[in-house]
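Read the structure below first, then the notes.
None of the figures in this text is laboratory data; all of them are computed from the coordinates on show. Here the structure is a predicted model, which is why all the values come from computation and not from measurement. Cβ atoms come from the backbone with ideal geometry, glycine included; neighbour counts cover every protein chain shown.
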Amino acid sequence: MKRLTTIFAILLAGLAAHAEVATESFTRVMNPVYAKNFAEKPVQIDAEFYQLGLPKFYRIPPFMKEGYCIFQCTRIGGKESELSTLNGEVYGEVFLIEESRKAEVESLAKGSKLTIIGKTKSYANPLAFGKEEVYFIVESISPIK
């Protein structure tokens, strides 16, 4: 009986933790001014899949060199980032999912609408004079129907 009670308590704790995930706008979460607010506690956002990988000539931050599959998203109905690489390529915001879960994003088509839960990771890029870049570390991803 004690074992059953323990299992039940663990399930309830997991459901309660999932229920506490706040929903925020894509733009607010990916804004360097607010991103630190979402670094410790998961947040839910809606996004549109843009493409796999990084833009050409994009410098990979040290924390994401190994163990992650990298992809890009934009806000739903929004346009890609206003920034562009040296070759003029426009791009979305950078999202990371564990390499072992890359199948969850490899089959997505550009424009697929998603609900994503995760945390932000800010990085002061020394090559951009310390400009804050925001990355989203994905914990859960599901299509919007």
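Quick look at the numbers
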{"quantity": "Placed amide H near residue 133: partners under 5 Å, 5+ positions off or other chain", "calculated": "123, 124, 125"}
{"quantity": "³J(HN,Hα) computed for each position of the range 62-79 - Karplus, 6.51 cos²θ - 1.76 cosθ + 1.60, integer Hz, glycine/proline x", "calculated": "x, 6, 10, 6, 9, x, 10, 9, 9, 8, 10, 9, 10, 6, 5, x, x, 9"}
{"quantity": "Residues in the range 39-56 reached by a label modelled at residue 21 [backbone nitrogen below 13 Å; 7 Å Cα→Cβ]", "calculated": "41-47"}
{"quantity": "Those aspartates and glutamates that a straight Cα-Cα span of less than 18 Å connects to residue 102, excepting residues fewer than 8 apart in one chain", "calculated": "48, 66, 93, 139"}
